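Here's the structure we're looking at; comments come further down.
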Amino acid sequence: MKEVVLKADKLNKYFYEPTKFQVLKNISFEVKKGEFVSIVGKSGCGKSTLLYLLSTMDTDYEGTISMTGEKLTGKSKNDLAKFRNEHIGFVFQFHYLLPEFTVLQNVMIPALKLGKFSKKEIEEQALAKLALLGMEEHAHKLSSRLSGGQQQRVAIARALINNPTIIMGDEPTGNLDKKNTQNVFEILKNLSQTYHQTIIAVTHDTDFAQNSDRIIEMSDGEIINGESAK
Amino acid sequence: MKLAFQIAITQLLAKLSQTIVAMLGVTFGIGMFIGMISLMKGLNGFTDDLAMATTPHIRIYNDVKLERTPLLEEIFPNQMNLVHHQKPKNERKDLKNGFQIVNYIKNDPRVLGVSPQLSTQVFYNYGVVQLNGTISGVDILQEDKMFDLQGKIKAGGLQELIPPNDCILIGKGLAKKLNAKVGDRVTITTPQGYTMKLKVVGIFQMGIGAIDDIKSYANIATVQKIMQKDSRFITEVSVKMKNIKESGVVAKEYSKLFDYKAEDWETANATILVGKVFRDILTFAVSFTLLVVAGFGIYNILNMTIYNKMKDIAILKATGFTSGDVVRIFMVQSILIGLVGSVAGLLMGFGLASWLASIPVDFGDAFSLTRLPVSFDPTYYYIGVIFGITTTALAGYLPSRKAGKIDPIQILRG
Ligand SMILES: Nc1ncnc2c1ncn2[C@@H]1O[C@H](COP(=O)(O)OP(=O)(O)OP(=O)(O)O)[C@@H](O)[C@H]1O
Ligand SMILES: [Mg+2]
């Protein structure tokens, strides 16, 4: 049995604007170490909302979330920030980079914040991650000078930089063409199989979902299918 | 912290023109503060110097006593006496033991110089014109030591006043009115009718019309002769302290010791001092306003910057930066703006002060002033920098704290 790295227990979340309505309804599931999980569902069913809860950035919910055996619900924002920095790599739905910094700097910043390695080592690691995504030739460009798909690949490289326990992606391949989607998928697959990093990715791409270890299907804020692997 | 610094600098440089505008706000505030305060302090210093140029720190003289016990009271102490509109007695107005007092004070270690003198009203005669004025008999060397007479001599010299010759040193305005040059003789007449011819050996200019137009100096013996008094007769002792702040205390001490009126300069010039205090308050109020305005500028610009940087803040937080880290990044930015802006403000202030100091002015004979007086006291430059950085730090704190509180989810939802 592989150990459980993420455990969500009876998650409920409400939005109060414009009227009170429940986005997430009694969501419970577990993810094991090294598992590659896809979350699918219709637009507006609450996938992003769930991912933000799991990312520890949104703390306004009912239920409990634990990761790597640690209960995260109820922790202070500062502790959560530290946890995020070290254990979670996040790729946003709308690929966000810092526009004033170069591609390389963008990838390096979370590692500089973690402060585990020297600047020189971090630079090497960052270049390696960029190479993995075929972006090393753009390393010294300003990130605002890249195309949408290129920015998304840089954002993935940044999510990988601290070798996080869990990599979360909100449509990480949303802006990529067939070839690059395939490439990113292979990278993620490799990370989960070789390095036992856990991947949780929201996706609308059925091929992507079909090829992952497990699909969690959501509808109207509930998990309708996804307890078992494919 | 190093990382926060790097991020801060990168962001500042990326929006260079915005950064420069913010810095210029501080620069302008500090520069104007220093320029203004330099001029105000220069003017204050000038008027102080003028006042002090001719004012001794302590004057000891025989005050006319109005309140004396009526004679009647002394003779019939036990009955009810009523004396109406009593007149002062015709007392001698000199200091009886004046030279002893001078010798005593000379040995006081707190004193820089002491000068005995006597003065009287005179008429200067120029043809048929009679000009009203005063003549002071002084120990010219002591007087020079205390008031730097040498530096105020415009023509001739003061050496000839050392021996008791019938020589005179006259004010510039007076010389002009009398059409007198060095070497000429002027005739003076005392209210008592004594007339004497004195040779002009020098012309001085104190820079105050009220003095330069009426005053002249002569040897003590000469004035004693004019007043037909004996060689012990002096009316006044003026004292200059090493430390001006001790004047008040020492004056009280002397007053008790010698039993004559000893007046310190602050008491004598109370009105000047009040004016000075008001000018200082005004200067600080205006300067403070300038700095506060600069502070608001920074507050605004930082607020705007943070509004534009919401996405970036959200990303930083999502990748593990704490609120504190974000606050630090923006505080570093505002303090850097404050620091660079303040230093530039110092240069601007110095430039402004130098420019003001080069402006020629002409007050005619009333004041001997050719340029605007400007102070270059470094104290105000320190105050400027400290105030500049404090204001920017305060102005930056509120927006920075707001940045720290930004909820990344709100922004990342898009
Ligand atoms: N801040 C908010 N306030 C109120 N309602 C919200 C807010 N954010 C999202 N919602 C609503 O919550 C529901 C779930 O939104 P969510 O973004 O999680 O959908 P999603 O599954 O990620 O959709 P998509 O596939 O289009 O990204 C939607 O109905 C949306 O309108
Ligand atoms: Mg979504």
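Every number here is computed from the coordinates shown, using simple stated rules; none is lab data. Computed from a prediction, not measured in an experiment: that's the story for all the values here. Don't worry about glycine lacking a Cβ; one is built from the backbone with ideal geometry, like all the others, and counts go over all protein chains shown.
Of all residues in the range A:77-92, which are in contact with a strand residue (DSSP E or B) (Cβ under 8 Å, 6 or more places away or on another chain) and either facing another protein chain (nearest Cβ under 7 Å) or over 26 Å from A:D58 (Cβ atoms) (or both)?
If the condition is that a residue be in contact with a strand residue (DSSP E or B) (Cβ under 8 Å, 6 or more places away or on another chain) and either facing another protein chain (nearest Cβ under 7 Å) or over 26 Å from A:D58 (Cβ atoms) (or both), then A:R84, A:F90, A:F92 are the ones that fit.
Would a scan of the range A:158-173 turn up a residue that is part of a strand (DSSP E or B), under 20 Å from A:I88 (Cα atoms) and charged (D, E, K, R)? Explain how you work it out, then say what you get.
Taking the range A:158-173 as the starting set, the residues that turn out to be part of a strand (DSSP E or B) are A:166-170.
Now restrict to residues that are under 20 Å from A:I88 (Cα atoms): A:166-170.
Subset that is charged (D, E, K, R): A:170.
Within the range A:158-173, one or more residues are part of a strand (DSSP E or B), under 20 Å from A:I88 (Cα atoms) and charged (D, E, K, R).
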Select from the range A:1-51 the residues that are surrounded by 18 or more Cβ atoms within 10 Å (Cβ to Cβ), assigned to a loop (DSSP other than H, G, I, E, B), more than 14 Å from chain B (Cβ to nearest Cβ) and within 16 Å of ligand 2 (Cβ to nearest atom) and list them in ascending order. A:C45
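Assigned to a strand (DSSP E or B), within 14 Å of ligand 1 (Cβ to nearest atom) and within 25 Å of A:H87 (Cα to Cα) - does that describe any residue in the range A:193-201? Full working, then the answer.
Residues of the range A:193-201 that are assigned to a strand (DSSP E or B), as a first pass: A:198-201.
Imposing the further condition that a residue be within 14 Å of ligand 1 (Cβ to nearest atom) reduces the set to A:200-201.
The next check asks that each one be within 25 Å of A:H87 (Cα to Cα); those that pass are A:200-201.
Looking through the range A:193-201, at least one residue is assigned to a strand (DSSP E or B), within 14 Å of ligand 1 (Cβ to nearest atom) and within 25 Å of A:H87 (Cα to Cα).
Anything in the range A:94-113 that is within 7 Å of another protein chain (Cβ to nearest Cβ) and of a type outside the set (D, E, K, R)? List them, or say none. Spell out how you get there, then give the answer.
Within the range A:94-113, the subset within 7 Å of another protein chain (Cβ to nearest Cβ) is A:94, A:96, A:98, A:100-101, A:109-110, A:112-113.
Matches in the range A:94-113: A:F94, A:Y96, A:L98, A:F101, A:I109, A:P110, A:L112.
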Residue identified as within 29 Å of B:Y380 (Cα to Cα), in a helix (DSSP H, G or I) and within 14 Å of another protein chain (Cβ to nearest Cβ) among B:L12, B:L3, B:L24: B:L12
Between residues in the range A:168-182 that are at positive phi and residues that are within 16 Å of ligand 1 (Cβ to nearest atom), which pairs lie under 8 Å by C-beta distance while being six or more apart or on different chains? A:E171/A:Q93; A:E171/A:A201; A:E171/A:V202; A:E171/A:T203; A:E171/A:H204
With a cut-off of at least 2 residues that are free of Cβ contacts under 8 Å to residues at least 60 places away in the same chain, name the strands (runs of 3 or more DSSP E) lying wholly within the range B:76-182. B:129-138, B:153-156, B:167-171
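Is it the case, given these coordinates, that A:G226 is crowded, with 19+ Cβ neighbours inside 10 Å and within 16 Å of ligand 1 (Cβ to nearest atom)? Quick ask: steps written out before the conclusion?
Numbers: crowded, with 19+ Cβ neighbours inside 10 Å: no; within 16 Å of ligand 1 (Cβ to nearest atom): yes.
It is false that A:G226 is crowded, with 19+ Cβ neighbours inside 10 Å and within 16 Å of ligand 1 (Cβ to nearest atom).
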Determine which member of the set A:G63, A:G89 is in a strand (DSSP E or B), crowded, with 20+ Cβ neighbours inside 10 Å and out of contact with any Cys (no Cβ under 7 Å at 6 or more places or on another chain). A:G89
One residue is enough: does the range B:287-308 have a residue meeting the conditions within 14 Å of another protein chain (Cβ to nearest Cβ), loosely packed, with under 14 Cβ neighbours inside 10 Å, assigned to a helix (DSSP H, G or I) and out of contact with any Pro (no Cβ under 9 Å at 6 or more places or on another chain)? yes
